[in-house]
Amino acid sequence: MKAKIYPSKCSGQIVIPPSKSMGHRAIICASMAPGRSIIKNTAYSDDIKTTIEGMRKLGAVIEENGSTLIIDGIKDITKISDETINCNESGSTLRFFIPIFSLTGKKITFLGKNRLLKRPQKIYEDIFKEQKLHYYHDESKMEIEGKLKAGTYEIDGNISSQFISGLLFILPLLEGDSEIKIRPPFESASYIDLTLEMLKRFGIEIFQKDELTFKIRGNQKYSPCDYTIEGDFSQLGFFAVLGAVNNDLKCLGLNHDSKQGDKAVIEILRSSGINIENIEGGYFIRKSTPKGCEIDLADCPDLGPILNVLGMYGDGDFRIYNAGRLRYKESDRIAAMEEELLKLGVSIKTTEDEIFISGKEIYAGGIEVSGHKDHRIVMSMAVAATLMNKPVIIDGAEAVEKSYPDFFEDIEKIGVKVECYDK
(Lines give C-alpha, C1' and ligand atoms only; values in the text may rest on other atoms or scores of the structure.)
Protein backbone atom coordinates (compact mmCIF):
# COMPACT_ATOMS: atom_id res chain seq x y z
CA MET A 1 0.00 0.00 0.00
CA LYS A 2 1.06 3.56 -0.67
CA ALA A 3 0.01 6.56 1.39
CA LYS A 4 0.04 10.05 -0.10
CA ILE A 5 0.35 12.69 2.62
CA TYR A 6 -0.65 16.21 1.61
CA PRO A 7 0.58 19.43 3.24
CA SER A 8 -1.93 19.80 6.09
CA LYS A 9 -2.48 21.56 9.39
CA CYS A 10 -3.56 19.36 12.28
CA SER A 11 -5.94 20.57 15.00
CA GLY A 12 -8.23 19.36 17.76
CA GLN A 13 -7.54 16.33 19.92
CA ILE A 14 -6.52 12.70 19.57
CA VAL A 15 -6.99 9.73 21.91
CA ILE A 16 -3.70 7.83 21.97
CA PRO A 17 -4.11 4.05 21.45
CA PRO A 18 -3.43 1.52 24.21
CA SER A 19 0.14 0.61 25.10
CA LYS A 20 1.47 -2.31 23.09
CA SER A 21 4.11 -2.97 25.75
CA MET A 22 1.52 -3.18 28.53
CA GLY A 23 -0.82 -5.18 26.28
CA HIS A 24 1.76 -7.94 25.68
CA ARG A 25 2.50 -8.19 29.39
CA ALA A 26 -1.14 -8.18 30.50
CA ILE A 27 -2.13 -10.90 28.01
CA ILE A 28 0.79 -13.10 29.02
CA CYS A 29 0.23 -12.70 32.78
CA ALA A 30 -3.52 -13.27 32.46
CA SER A 31 -2.90 -16.37 30.37
CA MET A 32 -0.49 -17.74 32.98
CA ALA A 33 -3.01 -17.22 35.80
CA PRO A 34 -5.45 -20.09 36.51
CA GLY A 35 -8.92 -18.54 36.51
CA ARG A 36 -10.51 -15.66 34.63
CA SER A 37 -9.04 -12.21 33.96
CA ILE A 38 -10.64 -9.31 32.09
CA ILE A 39 -8.27 -7.11 30.06
CA LYS A 40 -9.88 -3.90 28.80
CA ASN A 41 -8.82 -1.29 26.22
CA THR A 42 -7.00 -3.70 23.90
CA ALA A 43 -5.88 -2.58 20.44
CA TYR A 44 -5.50 -5.43 17.95
CA SER A 45 -2.24 -4.58 16.23
CA ASP A 46 -0.45 -7.40 14.43
CA ASP A 47 1.98 -7.75 17.33
CA ILE A 48 -0.76 -8.06 19.94
CA LYS A 49 -2.71 -10.55 17.78
CA THR A 50 0.49 -12.60 17.54
CA THR A 51 0.83 -12.76 21.33
CA ILE A 52 -2.86 -13.70 21.70
CA GLU A 53 -2.53 -16.56 19.20
CA GLY A 54 0.61 -17.86 20.88
CA MET A 55 -0.98 -17.95 24.32
CA ARG A 56 -4.00 -19.74 22.86
CA LYS A 57 -1.70 -22.46 21.54
CA LEU A 58 -0.25 -22.76 25.03
CA GLY A 59 -3.72 -23.45 26.41
CA ALA A 60 -5.23 -20.09 27.36
CA VAL A 61 -8.86 -19.56 26.34
CA ILE A 62 -9.09 -15.98 25.06
CA GLU A 63 -12.38 -14.43 23.98
CA GLU A 64 -12.38 -11.11 22.13
CA ASN A 65 -15.33 -8.86 22.91
CA GLY A 66 -14.67 -5.55 21.22
CA SER A 67 -11.65 -4.03 22.94
CA THR A 68 -12.09 -6.36 25.94
CA LEU A 69 -10.34 -9.70 26.32
CA ILE A 70 -11.84 -12.39 28.56
CA ILE A 71 -8.98 -14.73 29.41
CA ASP A 72 -9.23 -18.10 31.16
CA GLY A 73 -5.70 -19.02 32.10
CA ILE A 74 -3.67 -22.09 31.16
CA LYS A 75 -4.59 -25.22 33.13
CA ASP A 76 -1.70 -27.46 32.05
CA ILE A 77 1.21 -25.82 30.24
CA THR A 78 2.51 -29.20 29.01
CA LYS A 79 -0.61 -29.78 26.89
CA ILE A 80 0.35 -27.42 24.08
CA SER A 81 -1.92 -27.61 21.01
CA ASP A 82 0.69 -26.72 18.38
CA GLU A 83 4.46 -26.84 18.67
CA THR A 84 5.09 -24.38 15.80
CA ILE A 85 4.66 -20.77 16.86
CA ASN A 86 4.69 -17.94 14.32
CA CYS A 87 5.88 -14.73 15.97
CA ASN A 88 5.52 -12.76 12.71
CA GLU A 89 7.55 -9.54 13.24
CA SER A 90 7.11 -9.16 16.98
CA GLY A 91 10.42 -9.09 18.82
CA SER A 92 8.63 -8.78 22.16
CA THR A 93 6.51 -11.84 21.46
CA LEU A 94 9.48 -13.99 20.46
CA ARG A 95 11.72 -12.98 23.34
CA PHE A 96 8.94 -13.31 25.91
CA PHE A 97 7.81 -16.65 24.49
CA ILE A 98 11.15 -18.48 24.38
CA PRO A 99 11.42 -18.98 28.18
CA ILE A 100 7.64 -19.42 28.57
CA PHE A 101 7.38 -22.15 25.94
CA SER A 102 10.43 -23.90 27.39
CA LEU A 103 8.16 -24.80 30.33
CA THR A 104 6.33 -27.28 28.08
CA GLY A 105 9.48 -29.41 27.87
CA LYS A 106 8.62 -30.04 24.22
CA LYS A 107 10.47 -29.22 21.03
CA ILE A 108 9.13 -25.83 19.96
CA THR A 109 9.75 -24.20 16.59
CA PHE A 110 9.46 -20.42 16.32
CA LEU A 111 8.94 -18.78 12.93
CA GLY A 112 9.10 -15.10 11.97
CA LYS A 113 8.83 -12.61 9.13
CA ASN A 114 11.19 -10.08 7.57
CA ARG A 115 14.07 -9.29 9.94
CA LEU A 116 12.71 -10.94 13.10
CA LEU A 117 14.94 -14.01 13.13
CA LYS A 118 17.94 -11.88 12.16
CA ARG A 119 17.63 -9.85 15.35
CA PRO A 120 20.07 -10.72 18.17
CA GLN A 121 19.10 -13.73 20.32
CA LYS A 122 22.53 -14.76 21.61
CA ILE A 123 21.59 -14.27 25.27
CA TYR A 124 19.08 -17.12 25.03
CA GLU A 125 21.40 -19.21 22.89
CA ASP A 126 24.07 -18.99 25.58
CA ILE A 127 21.59 -19.82 28.37
CA PHE A 128 20.16 -22.88 26.61
CA LYS A 129 23.57 -24.23 25.68
CA GLU A 130 24.93 -23.62 29.19
CA GLN A 131 22.03 -25.64 30.61
CA LYS A 132 22.61 -28.35 27.96
CA LEU A 133 19.19 -27.78 26.40
CA HIS A 134 18.45 -27.91 22.67
CA TYR A 135 18.76 -24.59 20.82
CA TYR A 136 18.95 -24.07 17.06
CA HIS A 137 18.63 -20.81 15.19
CA ASP A 138 19.00 -19.76 11.57
CA GLU A 139 17.24 -17.13 9.46
CA SER A 140 14.25 -19.39 8.77
CA LYS A 141 13.42 -20.77 12.23
CA MET A 142 14.40 -21.14 15.85
CA GLU A 143 14.09 -24.37 17.83
CA ILE A 144 14.20 -24.98 21.57
CA GLU A 145 13.64 -28.07 23.68
CA GLY A 146 13.94 -28.44 27.43
CA LYS A 147 12.74 -26.60 30.52
CA LEU A 148 14.91 -23.76 31.81
CA LYS A 149 16.19 -24.27 35.34
CA ALA A 150 16.19 -22.08 38.44
CA GLY A 151 19.53 -20.50 39.29
CA THR A 152 21.68 -17.45 38.71
CA TYR A 153 21.47 -15.69 35.35
CA GLU A 154 23.97 -13.03 34.29
CA ILE A 155 22.64 -10.88 31.44
CA ASP A 156 24.20 -8.04 29.44
CA GLY A 157 22.11 -4.92 30.05
CA ASN A 158 22.89 -3.19 26.75
CA ILE A 159 21.25 -5.65 24.32
CA SER A 160 17.50 -5.71 25.01
CA SER A 161 15.46 -5.70 28.20
CA GLN A 162 13.09 -8.19 26.52
CA PHE A 163 15.41 -11.07 27.47
CA ILE A 164 15.25 -10.07 31.13
CA SER A 165 11.46 -9.74 31.01
CA GLY A 166 11.18 -13.15 29.36
CA LEU A 167 13.04 -14.74 32.28
CA LEU A 168 11.07 -12.76 34.86
CA PHE A 169 7.84 -14.28 33.51
CA ILE A 170 8.94 -17.86 34.26
CA LEU A 171 11.58 -17.95 37.01
CA PRO A 172 8.96 -17.44 39.78
CA LEU A 173 7.22 -20.65 38.61
CA LEU A 174 10.28 -22.90 38.92
CA GLU A 175 11.08 -25.19 41.84
CA GLY A 176 14.03 -23.25 43.27
CA ASP A 177 14.91 -19.62 43.86
CA SER A 178 16.70 -17.61 41.16
CA GLU A 179 18.69 -14.45 40.68
CA ILE A 180 19.22 -12.21 37.67
CA LYS A 181 22.36 -10.09 37.61
CA ILE A 182 22.60 -7.36 34.99
CA ARG A 183 25.97 -6.40 33.57
CA PRO A 184 26.05 -2.60 33.12
CA PRO A 185 25.21 -0.46 31.30
CA PHE A 186 21.54 -1.29 31.93
CA GLU A 187 19.59 0.27 29.05
CA SER A 188 15.79 0.28 28.63
CA ALA A 189 15.44 -0.41 32.36
CA SER A 190 12.02 1.24 32.28
CA TYR A 191 10.67 -1.74 30.32
CA ILE A 192 11.65 -3.98 33.24
CA ASP A 193 9.67 -1.65 35.50
CA LEU A 194 6.63 -2.32 33.30
CA THR A 195 7.17 -6.07 33.60
CA LEU A 196 7.57 -5.87 37.39
CA GLU A 197 4.44 -3.72 37.68
CA MET A 198 2.37 -6.22 35.67
CA LEU A 199 3.76 -9.24 37.53
CA LYS A 200 2.83 -7.61 40.83
CA ARG A 201 -0.73 -7.05 39.62
CA PHE A 202 -1.00 -10.76 38.87
CA GLY A 203 0.39 -11.88 42.23
CA ILE A 204 4.07 -12.44 41.40
CA GLU A 205 6.68 -10.93 43.73
CA ILE A 206 10.14 -9.97 42.51
CA PHE A 207 12.66 -8.45 44.94
CA GLN A 208 14.96 -5.90 43.35
CA LYS A 209 18.06 -5.90 45.55
CA ASP A 210 19.64 -3.01 43.66
CA GLU A 211 19.54 -1.51 40.17
CA LEU A 212 21.34 -4.52 38.69
CA THR A 213 20.11 -7.47 40.79
CA PHE A 214 16.74 -9.23 40.95
CA LYS A 215 15.94 -11.94 43.51
CA ILE A 216 13.15 -14.31 42.47
CA ARG A 217 11.47 -16.71 44.87
CA GLY A 218 10.40 -19.97 43.25
CA ASN A 219 7.13 -21.93 43.52
CA GLN A 220 4.95 -18.84 43.00
CA LYS A 221 1.64 -18.80 41.12
CA TYR A 222 -0.05 -16.18 38.98
CA SER A 223 -3.43 -14.93 40.22
CA PRO A 224 -6.23 -13.64 37.94
CA CYS A 225 -6.58 -9.86 37.70
CA ASP A 226 -8.73 -7.36 35.82
CA TYR A 227 -6.71 -4.64 34.11
CA THR A 228 -7.29 -1.70 31.76
CA ILE A 229 -4.40 -1.03 29.37
CA GLU A 230 -3.12 2.55 29.55
CA GLY A 231 -2.28 4.77 26.57
CA ASP A 232 0.96 4.21 24.64
CA PHE A 233 3.68 6.85 25.06
CA SER A 234 5.63 5.48 22.09
CA GLN A 235 2.61 6.27 19.90
CA LEU A 236 2.20 9.61 21.66
CA GLY A 237 5.63 10.45 20.25
CA PHE A 238 4.26 10.82 16.73
CA PHE A 239 1.44 13.13 17.80
CA ALA A 240 3.55 15.09 20.26
CA VAL A 241 6.06 15.91 17.52
CA LEU A 242 3.20 16.63 15.10
CA GLY A 243 1.74 19.11 17.58
CA ALA A 244 5.16 20.63 18.25
CA VAL A 245 6.08 21.33 14.62
CA ASN A 246 2.69 21.49 12.85
CA ASN A 247 -0.07 22.94 15.07
CA ASP A 248 -1.42 22.85 18.62
CA LEU A 249 -2.79 19.41 19.56
CA LYS A 250 -4.39 17.80 22.60
CA CYS A 251 -3.29 14.21 23.23
CA LEU A 252 -5.55 12.20 25.56
CA GLY A 253 -5.87 8.71 27.04
CA LEU A 254 -2.57 8.87 28.93
CA ASN A 255 -1.42 8.21 32.48
CA HIS A 256 0.75 11.00 33.88
CA ASP A 257 2.24 8.54 36.38
CA SER A 258 3.11 5.92 33.77
CA LYS A 259 6.38 4.02 34.07
CA GLN A 260 6.73 3.72 30.28
CA GLY A 261 10.22 4.78 29.21
CA ASP A 262 8.83 6.52 26.13
CA LYS A 263 7.17 9.03 28.45
CA ALA A 264 10.59 10.70 28.07
CA VAL A 265 9.24 12.28 24.87
CA ILE A 266 7.51 14.92 27.02
CA GLU A 267 10.72 16.09 28.69
CA ILE A 268 12.71 15.79 25.44
CA LEU A 269 10.27 18.14 23.70
CA ARG A 270 10.26 20.50 26.67
CA SER A 271 14.08 20.56 26.64
CA SER A 272 13.92 21.65 22.99
CA GLY A 273 11.69 24.58 23.91
CA ILE A 274 8.23 23.12 23.20
CA ASN A 275 5.46 24.28 25.56
CA ILE A 276 3.57 21.26 26.86
CA GLU A 277 0.74 21.62 29.35
CA ASN A 278 -0.41 18.73 31.54
CA ILE A 279 -4.19 18.41 31.20
CA GLU A 280 -6.64 15.85 32.55
CA GLY A 281 -5.89 12.50 30.91
CA GLY A 282 -3.09 13.79 28.73
CA TYR A 283 -1.13 16.73 27.38
CA PHE A 284 -1.69 19.90 25.34
CA ILE A 285 1.20 20.27 22.87
CA ARG A 286 1.78 23.86 21.70
CA LYS A 287 3.35 24.51 18.32
CA SER A 288 6.76 26.14 18.40
CA THR A 289 10.16 25.87 16.75
CA PRO A 290 12.27 23.18 18.41
CA LYS A 291 15.69 24.40 19.51
CA GLY A 292 18.79 22.32 18.93
CA CYS A 293 19.58 19.95 21.80
CA GLU A 294 21.12 16.62 22.75
CA ILE A 295 18.80 13.60 23.07
CA ASP A 296 19.70 10.38 24.90
CA LEU A 297 17.88 7.29 23.53
CA ALA A 298 19.33 4.78 26.03
CA ASP A 299 15.97 4.22 27.72
CA CYS A 300 13.61 5.11 24.86
CA PRO A 301 14.96 3.74 21.56
CA ASP A 302 11.53 3.53 19.90
CA LEU A 303 11.36 7.33 19.89
CA GLY A 304 14.40 7.54 17.61
CA PRO A 305 12.72 7.85 14.19
CA ILE A 306 10.16 10.50 15.18
CA LEU A 307 12.81 12.54 17.02
CA ASN A 308 14.66 12.73 13.69
CA VAL A 309 11.58 14.60 12.46
CA LEU A 310 11.69 16.94 15.45
CA GLY A 311 15.29 17.75 14.55
CA MET A 312 14.67 18.31 10.85
CA TYR A 313 12.18 21.10 11.62
CA GLY A 314 14.25 22.56 14.45
CA ASP A 315 16.39 25.65 14.80
CA GLY A 316 19.98 24.59 15.31
CA ASP A 317 21.86 21.33 15.68
CA PHE A 318 20.47 18.14 17.20
CA ARG A 319 22.58 15.24 18.43
CA ILE A 320 20.77 11.95 19.13
CA TYR A 321 23.02 9.47 20.95
CA ASN A 322 22.93 5.99 22.52
CA ALA A 323 21.00 5.09 19.36
CA GLY A 324 22.88 1.95 18.32
CA ARG A 325 20.04 -0.46 19.10
CA LEU A 326 17.94 1.23 16.40
CA ARG A 327 20.03 -0.73 13.91
CA TYR A 328 18.48 -4.03 15.12
CA LYS A 329 14.79 -3.24 14.89
CA GLU A 330 12.29 -3.99 12.08
CA SER A 331 14.77 -2.09 9.92
CA ASP A 332 18.12 -0.49 10.56
CA ARG A 333 16.33 2.63 11.73
CA ILE A 334 19.40 4.83 11.72
CA ALA A 335 20.23 3.97 8.11
CA ALA A 336 16.57 4.00 7.00
CA MET A 337 15.83 7.47 8.39
CA GLU A 338 19.10 8.84 7.03
CA GLU A 339 18.34 7.47 3.56
CA GLU A 340 14.80 8.88 3.42
CA LEU A 341 15.54 12.23 5.07
CA LEU A 342 18.44 12.82 2.68
CA LYS A 343 15.94 12.38 -0.18
CA LEU A 344 13.87 15.14 1.38
CA GLY A 345 16.84 17.48 1.67
CA VAL A 346 17.56 17.14 5.38
CA SER A 347 21.06 17.83 6.65
CA ILE A 348 21.73 14.55 8.49
CA LYS A 349 24.85 12.53 9.31
CA THR A 350 25.15 9.36 11.35
CA THR A 351 27.68 7.14 13.06
CA GLU A 352 27.15 3.63 14.42
CA ASP A 353 25.55 5.07 17.56
CA GLU A 354 24.72 8.74 16.84
CA ILE A 355 22.56 10.91 14.60
CA PHE A 356 23.37 14.57 13.81
CA ILE A 357 20.70 16.78 12.25
CA SER A 358 20.71 20.48 11.39
CA GLY A 359 17.14 21.67 11.06
CA LYS A 360 15.33 24.18 8.88
CA GLU A 361 11.72 25.28 8.35
CA ILE A 362 10.91 24.43 4.73
CA TYR A 363 11.31 21.32 2.54
CA ALA A 364 10.08 20.85 -1.02
CA GLY A 365 8.49 17.38 -0.83
CA GLY A 366 6.93 16.12 -4.02
CA ILE A 367 8.77 12.80 -3.95
CA GLU A 368 8.25 9.15 -2.96
CA VAL A 369 9.97 7.65 0.06
CA SER A 370 10.22 4.09 1.40
CA GLY A 371 8.77 2.84 4.66
CA HIS A 372 11.44 0.10 4.87
CA LYS A 373 8.79 -2.40 6.07
CA ASP A 374 8.94 -0.60 9.42
CA HIS A 375 5.89 0.87 11.16
CA ARG A 376 7.87 3.57 12.97
CA ILE A 377 9.59 4.72 9.79
CA VAL A 378 6.23 4.99 7.99
CA MET A 379 4.58 6.98 10.79
CA SER A 380 7.59 9.27 11.17
CA MET A 381 7.67 10.02 7.45
CA ALA A 382 3.93 10.76 7.53
CA VAL A 383 4.44 13.38 10.27
CA ALA A 384 7.36 14.89 8.35
CA ALA A 385 5.29 15.05 5.15
CA THR A 386 2.57 17.25 6.65
CA LEU A 387 4.86 20.31 6.50
CA MET A 388 6.26 19.81 3.00
CA ASN A 389 5.46 22.22 0.17
CA LYS A 390 4.20 19.32 -1.97
CA PRO A 391 2.68 15.91 -1.16
CA VAL A 392 4.92 12.98 -0.24
CA ILE A 393 4.15 9.35 -1.12
CA ILE A 394 5.18 6.65 1.36
CA ASP A 395 5.69 3.20 -0.17
CA GLY A 396 5.03 0.22 2.11
CA ALA A 397 2.59 2.15 4.28
CA GLU A 398 0.84 -1.08 5.33
CA ALA A 399 3.65 -1.57 7.87
CA VAL A 400 1.57 0.45 10.37
CA GLU A 401 -0.54 -2.71 10.89
CA LYS A 402 2.24 -4.00 13.14
CA SER A 403 1.53 -1.58 15.98
CA TYR A 404 -1.10 0.98 14.96
CA PRO A 405 -3.57 -0.22 12.28
CA ASP A 406 -5.73 2.93 12.59
CA PHE A 407 -2.88 5.42 12.25
CA PHE A 408 -3.90 6.94 8.93
CA GLU A 409 -7.57 7.13 9.94
CA ASP A 410 -6.57 8.84 13.17
CA ILE A 411 -4.37 11.50 11.57
CA GLU A 412 -7.18 12.21 9.11
CA LYS A 413 -9.50 12.90 12.06
CA ILE A 414 -7.22 15.71 13.21
CA GLY A 415 -6.98 17.35 9.79
CA VAL A 416 -4.18 15.63 7.89
CA LYS A 417 -5.13 14.85 4.30
CA VAL A 418 -4.21 11.25 3.45
CA GLU A 419 -4.85 9.18 0.34
CA CYS A 420 -4.13 5.45 0.68
CA TYR A 421 -4.15 3.15 -2.34
CA ASP A 422 -2.77 -0.18 -3.50
CA LYS A 423 0.44 -0.12 -5.50
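The values are calculated or read from the model by the stated rules, or taken from the named source; none is laboratory data. This one's a predicted model, so the numbers in the text were calculated from it and none came from an experiment. Here the Cβ is made from the backbone with ideal geometry for all residues, glycine too, and neighbour counts use every protein chain on show. Quick note on the areas: whole protein, heavy atoms, side chains included, nothing else; ligands and nucleic acids left out. Shrake-Rupley method; radii C 1.70, N 1.55, O 1.52, S 1.80 Å.
Shown is the FRET efficiency for K287 and N158, computed with R0 = 41 Å from the Cβ-Cβ distance and rounded to the nearest 0.05: 0.70. Relative contact order of the chain, please, whole-number percent, based on alpha carbon pairs below 8 angstrom and at least 6 residues apart. Once divided by the residue count of the chain, the mean separation gives 20 percent. Please work out whether region 173-248 counts as rounded, prolate or oblate from its C-alpha gyration tensor, where a ≥ b ≥ c are the square roots of the eigenvalues and a/c under 1.5 means rounded, while otherwise a/b larger than b/c means prolate and anything else oblate? Because a/c hits 1.5 or more and a/b fails to exceed b/c, region 173-248 counts as oblate. Counting only DSSP beta bridges whose two residues both lie in the chain, roughly 70 percent are antiparallel. Of the listed pairs K221/K263; K149/K259; K132/K200; K122/K149; K106/K209, which have alpha-carbon separations greater than 27 Å here? Listed pairs above 27 Å: K221/K263; K149/K259; K132/K200; K106/K209. Convex hull volume per residue, computed on the Cα atoms of region 45-155, equals 108 Å³. For a straight C-alpha distance cut-off of 23 angstrom, the lysines reachable from K4 (same-chain residues fewer than eight places away being disregarded) are K343, K360, K373, K390, K402, K413, K417, K423.
Give the carbon-plus-sulfur fraction of the accessible surface of region 20-216 in %, rounded to a whole number; probe 1.4 Å, heavy atoms of protein chains only. Whole-percent figure for carbon plus sulfur exposure: 45. For region 20-216, the per residue solvent-accessible surface stands at 40 Å², with DNA, RNA and ligands left out and a 1.4 Å probe.
Beta bridges from DSSP with both residues in region 200-331: antiparallel share about 75 percent, rounded to the nearest 5. Taking Y363, Y191, Y44 as the candidate residues, the one with maximal mean-square fluctuation in a Gaussian network model of the chain, Cα springs under 10 Å, is Y363. For the peptides 203-211, 98-106, 69-77, 239-247, residues were scored by their other Cβ atoms within 10 Å and the scores averaged per peptide; the highest-first order is 239-247, 98-106, 69-77, 203-211. Summarising the strand pairing of region 1-127, around 75 percent of its internal DSSP beta bridges are antiparallel. Rg over Rh for region 20-216 works out to 0.93, using Cα positions for both radii and the Kirkwood form for Rh.
Taking every alpha-carbon pair in the chain and binning the separations at 20 Å intervals from zero gives 27, 57, 16, 0 percent. Looking at region 319-420, the accessible area is 38 square angstrom per residue; that uses a 1.4 Å probe and ignores ligands, DNA and RNA.
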